[in-house]
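Everything on this sheet refers to the single structure shown next.
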Amino acid sequence: MQQHPFVAILTRLGTFVLVMIALSIMIFVLARVVPGDPARMALGPAATPEQVNVLRSQMGLDQPLAMQYLDYVDKALRGDLGMSLVSQRPVTTDLAQTVPATLELVLVSVIFMFAVAIPLGVLIAHYRDRAVDHIGRLLSLTGVTIPSFLFAITLQLLAARYLTNWPIIGRLDHGLNWSGGPTGLLLIDGLLTGRPDVSLNALQHLILPAFALSMAGIGQITRITRSAMIENQRKDHVLTLKSFGVPERVIIFSYLLKLSSIAPLTIMGLEFASLIGNAFVIEMIFAWGGFASYGLNAVLQKDLNAVTAVVLVAGLFFIVANLIVDVLVTIIDPRLRRKEAR
């Protein structure tokens, strides 16, 4: 008996809600037990103890930890994530300005990963143990082992040397007249507002950082795709198709590729979280000004509200990515619905 996909999605949503609650409790507690007084750090060493105590009271740090958490959850459910001690603005305002930049960078990186890794994995699996396979495995190993910041710096230097007109910092050219769009995703906003020049310029700025950020994922998914293709080539139904004289091109693209895409999709949730975590290095190198670098500054400044919000948003990204992956894998492989229905 198969479980209806809608029921499977609801089950996963319930699990993810529990994960978000556990994550919120964990980060809330950790942000408050680490050494350092947030009120003192916000006011500076010249502030008097009375001023520090007043700010601690305003932040609710003089209340029991459980009361602080309940108050935070109550405000968060109403869209209030508190004030940033560093920027002196609502955290939601900071997130609205920084999240789209990182989200766009990560999404383009994911596109690069699949556009490069899946075809490369299929190619080297087809030419297993030949020169193409050896070269492909060497390239994938290079992507996995070399850190993303080294790729980023190398790409910047190469672009500055050989592509003198290619942008290597920022999201848009400084001379471009642009007042913003509804989503904060420049590729989409340029099209929505009738400014394809903005979308094209944003794409030029995205290529280098997105490629540098995606290199580790490209190497990982290439290796996984190759292994899955080789393993599935030994399946009985694939051998039967070959014995019936079905063209190898048809076998690869109509049967093997669908079966072999399950493993890369499964690992994609973890890769998405890795992209969010590694993006701060890329953002610093390319002066991107996104969510990841905002989170790093929040941690260094012990900006409690910002740190908590950043971790929750990152956790939400991870959960949504895994939900999408679970749904896609369930659609591709009906056997998973049968297992869950037992």
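At-a-glance table
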read-out	value
Residues within the range 278-287 that are crowded, with 24+ Cβ neighbours inside 10 Å and more than 15 Å from the chain's Cα centre (by Cα), tallied	1
Selection from the range 143-159 of residues that are assigned to a helix (DSSP H, G or I) and modelled with pLDDT under 90	Gly143, Val144, Thr145, Ser148, Phe149
Residue match in the range 121-138 (condition: within 24 Å of the chain's Cα centre (by Cα) and closer than 30 Å to Met229 by Cβ)	yes
Residue satisfying condition, being modelled with pLDDT under 90 and in contact with a Lys or Arg (Cβ under 8 Å, 6 or more places away or on another chain), within set Leu304, Leu257, Leu265	Leu304
Residue within the range 238-252 that is at positive phi, within 24 Å of the chain's Cα centre (by Cα), surrounded by fewer than 20 Cβ atoms within 10 Å (Cβ to Cβ) and in a loop (DSSP other than H, G, I, E, B) present	no
Some residue of the range 42-54 being part of a helix (DSSP H, G or I), under 24 Å from Leu186 (Cα atoms) and of a type outside the set (Gly, Ala, Ser)	no
Filter result for Pro209 (surrounded by fewer than 16 Cβ atoms within 10 Å (Cβ to Cβ), of a type outside the set (A, V, I, L, M, F, W, C) and modelled with pLDDT of 90 or more)	no
All positions within the range 155-201 that are polar (S, T, N, Q) and under 20 Å from Ile282 (Cα atoms)	Gln156, Asn201
Matching entry among Ser227, Ser274 (being among the small types (Gly, Ala, Ser) and at pLDDT below 80)	Ser274
Any pair with Cβ under 9 angstrom, 6 or more apart, that starts in the range 248-276 at a residue that is over 25 Å from Val106 (Cα atoms) and ends at one that is at pLDDT below 80 and acidic (Asp, Glu)	Leu259/Asp333
Members of the range 1-33 found to be over 25 Å from the mean Cα position of the chain (by Cα), surrounded by 11 or more Cβ atoms within 10 Å (Cβ to Cβ) and at pLDDT 70 or above, listed by number	Arg32
Search result, residues across the range 58-87 that are closer than 13 Å to Asp303 by Cβ and assigned to a helix (DSSP H, G or I)	Met59
Qualifying residue in the range 288-299 (condition: over 30 Å from Trp178 (Cβ atoms) and not aromatic (Phe, Trp, Tyr))	yes
Residues located in the range 80-99, provided they are within 24 Å of the chain's Cα centre (by Cα) and under 12 Å from Tyr294 (Cβ atoms)	Ser84, Val91, Thr93, Asp94, Leu95, Ala96, Gln97, Thr98, Val99
Residue tally, condition in a helix (DSSP H, G or I) and touching a residue at least 24 places away in the same chain (Cβ under 8 Å), over the range 278-292	8
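A quick yes/no check of all residues on (1) surrounded by 16 or more Cβ atoms within 10 Å (Cβ to Cβ); (2) outside the structural domain of Leu213 (by TED's automatic domain parsing); (3) closer than 30 Å to Ala314 by Cα:
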residue: Pro100; (1), (2), (3): yes, no, yes
residue: Val110; (1), (2), (3): yes, no, yes
residue: Ile135; (1), (2), (3): no, no, no
residue: Pro147; (1), (2), (3): no, no, yes
residue: Leu150; (1), (2), (3): no, no, yes
residue: Arg161; (1), (2), (3): no, no, no
residue: Val198; (1), (2), (3): yes, no, yes
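The values are calculated or read from the model by the stated rules, or taken from the named source; none is laboratory data. Remember, predicted model here, so these are calculated numbers, not experimental data. Don't worry about glycine lacking a Cβ; one is built from the backbone with ideal geometry, like all the others, and counts go over all protein chains shown.
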